[in-house]
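The values are calculated or read from the model by the stated rules, or taken from the named source; none is laboratory data. Predicted, not measured: the structure shown is a model, and the values here were computed from it. So basically every Cβ, Gly included, is an ideal-geometry build from the backbone, and we count neighbours across all protein chains shown. Heavy atoms of the whole protein, side chains included, go into the accessibility calculation; ligands, DNA and RNA do not. Shrake-Rupley method; radii C 1.70, N 1.55, O 1.52, S 1.80 Å.
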Amino acid sequence: MTHSDEPRPQSSIQAGPSVRPRPRRHWWLLVIPYLWCIAAIPAVNRVGYVFGNVPFLLVWMIIGVIVTSGCISAVYFVDRRNGDLERI
Amino acid sequence: MVVAIIGVILVVGSVAGGAFLASRGTKVDVQEWSVGGRRFGTWLFWFLLAGETFTASALLGSSQAIFSGGAPGFFVLGTVALAAPVGYFLVPRIQRAGKVNGLTTMGDFFSARFNARWFGGLITVFGIIALLLYTRVQLTGLSLILETLFGTAIPSMAYVFAGGFLVVVFVFIGGMRSAAFVAVVKDILLVLMLLIVAVGAAHAAGVDSVAGIFDEVRNMHPDAGTLPGIGGHASMNEWWWMSFLLLTPLGAFALPHAFQVAYTARNSAAVRKNQIIQPLYSLFYVLIAVIALAAILALPNLPAKQANGSLLIFVASNYPEWVVGLLAGCGVIVALVPTAVIMITASSMFTSNVLGEIKPSLKRSLGATRVSVIVFTLLGVLITAFNSEALLSIMTGVYSAVGQLAPALFLSFLWRRTTAVGLTVGAVAGGAIVLVPALGSAVLTAFPAGTVVGLPALVINLLLAIVVSLLTKRPPVGAIAVGMPEISTAGVDADAEAAASLQSAKSL
């Protein structure tokens, strides 16, 4: 477990082998798109139509694309703040 | 006539323009030709990767899926989106490995990662077969478009050959750089075209607004809006959707040209920023959905055999000639760019990892690479000309077979203990399950109806890869570092891994 008051290295690449890299728990956000576009589908498929006659599955997937982009950008900006963009 | 003239001007203009822009001030060697000198920043890389999103087959295949089934075709919105988070994790690793170790192909990577050139060679052969299947999909799309452009008076085989010829010319001019430059033109044109067609779709379908399209489709086919769609085939149910979308993002990066494209990136930041925009690009598929739904209304009696070309037929029979010409020209470029990338990949792989093993002087030979382009394009043309199926089923098939390379890809970056023998055993078993129908259906009995065969095959593949890896000799430390450099996450992984191998050693 990494304590939050530990000095944060600017880049873990330069941190050297003695410092264990900071965990990237925010990467768990990347699971959301899969829950949205895969796990939720049986429930979504039961809804049928919205706004009159628009298939809900289509609307759900369109929002899913935006949610996916949102999750990735959140991860990207946290990584950028931490200087982790080049970290493998 | 107008159609053909506009189409030809569009294609020649953008290919020539792209090649001109690409050729400015660069000396062409193999590295320049095959991975664009590893200098592409966010934007150029975006368009090249997006080229893989919007391919002729993806456009025609998705409109076919919506046209003939309704809701199942909406899956296409998920394929691109779900590949992006995987890309965020994976592509920087591929890019880094390529840059640090001077790799130009997928085969190079696997040779280096396991210090086993036979393994790189094997991956190359498997990969080239997959690429040829994929080429077939693109060329089928291309010939469909040419058929719309020039009519059905000429046999479709001639169109496939013409398509192959176009690809060779295109690739010879400038390699990966010209592909990237033309990709920019292509995407802008394509989006414009889709907007024009979508705006006219309601009118062409005989209703007064986009909402009217949805109303009428529901009226005609009440089951179109939910899975399993029009006609209610079990093969397009919720299980199909879930297993297919789970498999697709894994398979997307196992295609060898994903490596090729990853190597063109300048750095990890460019790749990662790219993954934010990439999914948004697939929102343009909404336009395709609207157009395909309108086509259901406008072409109620189209034979199922022609569903492949429903998008083209819809436009050809309902829009002014200049729109048809623009769309056809645009469609040709849309097929050319990805096919060119595939051909660059297949020929670089073959020269570097097969020819280069036999005769080392040829390993970095641009001449040999170019000759391979001709050979592979011809092979792709022959495969296409003598065997045609519905586009979507080919796509599913390719992804399922190629998806079997996914464990090799992921484990190389995640697990130090992975061995080449383990991955080979796993991939062969998985590939057999996908490609031998008897094996596939036997395995599928344990899964809900509708599940894509690639998924259970992948599970068996992965289990075998892990077990056999633990039983075989681990690769040398230097080779492991190709995929897993420095300490990074090794602290945690190594402990867990040691415990896991102890556990399994005991249980064995």
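If only one of B:214, B:181, B:165 is in contact with a strand residue (DSSP E or B) (Cβ under 8 Å, 6 or more places away or on another chain) and part of a helix (DSSP H, G or I), which one is it?
It is B:214.
Return the residues of the range A:35-88 that are open to solvent by 50 Å² or more (accessible area, probe 1.4 Å), closer than 15 Å to residue B:88 by Cα and out of contact with any helix residue (DSSP H, G or I) (no Cβ under 6 Å at 6 or more places or on another chain); say none if nothing qualifies.
Hits for the range A:35-88 are A:77, A:80.
Would the range B:177-199 turn up any residue that is surrounded by fewer than 24 Cβ atoms within 10 Å (Cβ to Cβ), touching an Asp or Glu at 6+ places or on another chain (Cβ under 7 Å) and closer than 19 Å to residue A:53 by Cα?
Within the range B:177-199 (the criterion being surrounded by fewer than 24 Cβ atoms within 10 Å (Cβ to Cβ), touching an Asp or Glu at 6+ places or on another chain (Cβ under 7 Å) and closer than 19 Å to residue A:53 by Cα), the answer is no, since none of the residues qualifies.
Please determine, by comparing only the residues of the range B:76-104 that are closer than 30 Å to residue B:62 by Cβ and either away from every other protein chain (no Cβ under 14 Å) or among the aromatic types (Phe, Trp, Tyr) (or both), which one is most open to solvent (accessible area, probe 1.4 Å).
B:89
Take residue B:70 and tell me if it is away from every other protein chain (no Cβ under 14 Å) and either on the phi > 0 side of the Ramachandran plot or buried (at least 24 other Cβ atoms within 10 Å of the Cβ) (or both).
No, not satisfied.
Looking at residue B:158 and the list (1) in a loop (DSSP other than H, G, I, E, B); (2) more than 30 Å from residue B:353 (Cα to Cα), which single condition is not satisfied?
Condition (1) is where residue B:158 drops out.
Consider the range B:105-161. How many of its residues are within 24 Å of residue B:338 (Cβ to Cβ), open to solvent by less than 30 Å² (accessible area, probe 1.4 Å) and among the aliphatic types (A, V, I, L, M)?
Residues that pass the stated criteria total 13.
Starting from the range A:63-86, keep only residues that are facing another protein chain (nearest Cβ under 9 Å) and of a type in the set (Ser, Thr, Tyr), then list their pairs with residues that are open to solvent by 20 Å² or more (accessible area, probe 1.4 Å) and in a helix (DSSP H, G or I) whose Cβ atoms are within a distance under 8 Å, requiring at least 6 positions of separation or different chains.
Partner pairs satisfying both residue conditions: A:68/A:32; A:68/A:36; A:69/B:276; A:69/B:277; A:69/B:280; A:73/B:276; A:76/B:273; A:76/B:276.
Hey, any hits in the range B:359-371 for a residue that's assigned to a helix (DSSP H, G or I), under 23 Å from the mean Cα position of the chain (by Cα) and among the polar types (S, T, N, Q)?
The answer is yes; a qualifying residue exists.
Being of a type in the set (Asp, Glu) and either more than 9 Å from chain A (Cβ to nearest Cβ) or buried (at least 23 other Cβ atoms within 10 Å of the Cβ) (or both) is the filter here, so list the residues in the range B:210-248 that pass it.
B:223
Limited to the range A:21-54, what total is found for residues that are at the interface with another protein chain (Cβ under 7 Å from one of its Cβ atoms) and of a type outside the set (A, V, I, L, M)?
Count: 10.
A quick yes/no check of all residues on (1) within 17 Å of residue B:247 (Cβ to Cβ); (2) of a type outside the set (A, V, I, L, M, F, W, C):
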| position | (1), (2) |
| --- | --- |
| B:421 | no, no |
| B:447 | yes, no |
| B:451 | yes, yes |
| B:454 | yes, yes |
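Residues of the range B:16-34 being part of a helix (DSSP H, G or I), in contact with a helix residue (DSSP H, G or I) (Cβ under 8 Å, 6 or more places away or on another chain), at pLDDT below 75 and not polar (S, T, N, Q), which ones?
Listed by number, the residues that qualify are B:18, B:19, B:21, B:22, B:30, B:32, B:33.
Pick from B:202, B:183, B:198: which is more than 16 Å from residue B:138 (Cβ to Cβ) and within 28 Å of the chain's Cα centre (by Cα)?
Exactly one of B:202, B:183, B:198 is more than 16 Å from residue B:138 (Cβ to Cβ) and within 28 Å of the chain's Cα centre (by Cα), namely B:198.
Return a yes/no flag: does the range B:36-53 have any residue that is more than 14 Å from chain A (Cβ to nearest Cβ), among the charged types (D, E, K, R) and touching a strand residue (DSSP E or B) at 6+ places or on another chain (Cβ under 8 Å).
Yes, there is a match, as at least one residue in the range B:36-53 is more than 14 Å from chain A (Cβ to nearest Cβ), among the charged types (D, E, K, R) and touching a strand residue (DSSP E or B) at 6+ places or on another chain (Cβ under 8 Å).
Which of the following residues is over 29 Å from the mean Cα position of the chain (by Cα), of a type outside the set (Ser, Thr, Tyr) and either exposed (fewer than 15 other Cβ atoms within 10 Å of the Cβ) or modelled with pLDDT of 85 or more (or both): B:482, B:459, B:477, B:436?
Answer to the check: B:477.
Please tell me if residue B:249 is at pLDDT 85 or above and either out of contact with any Lys or Arg (no Cβ under 9 Å at 6 or more places or on another chain) or of a type in the set (A, V, I, L, M) (or both).
yes
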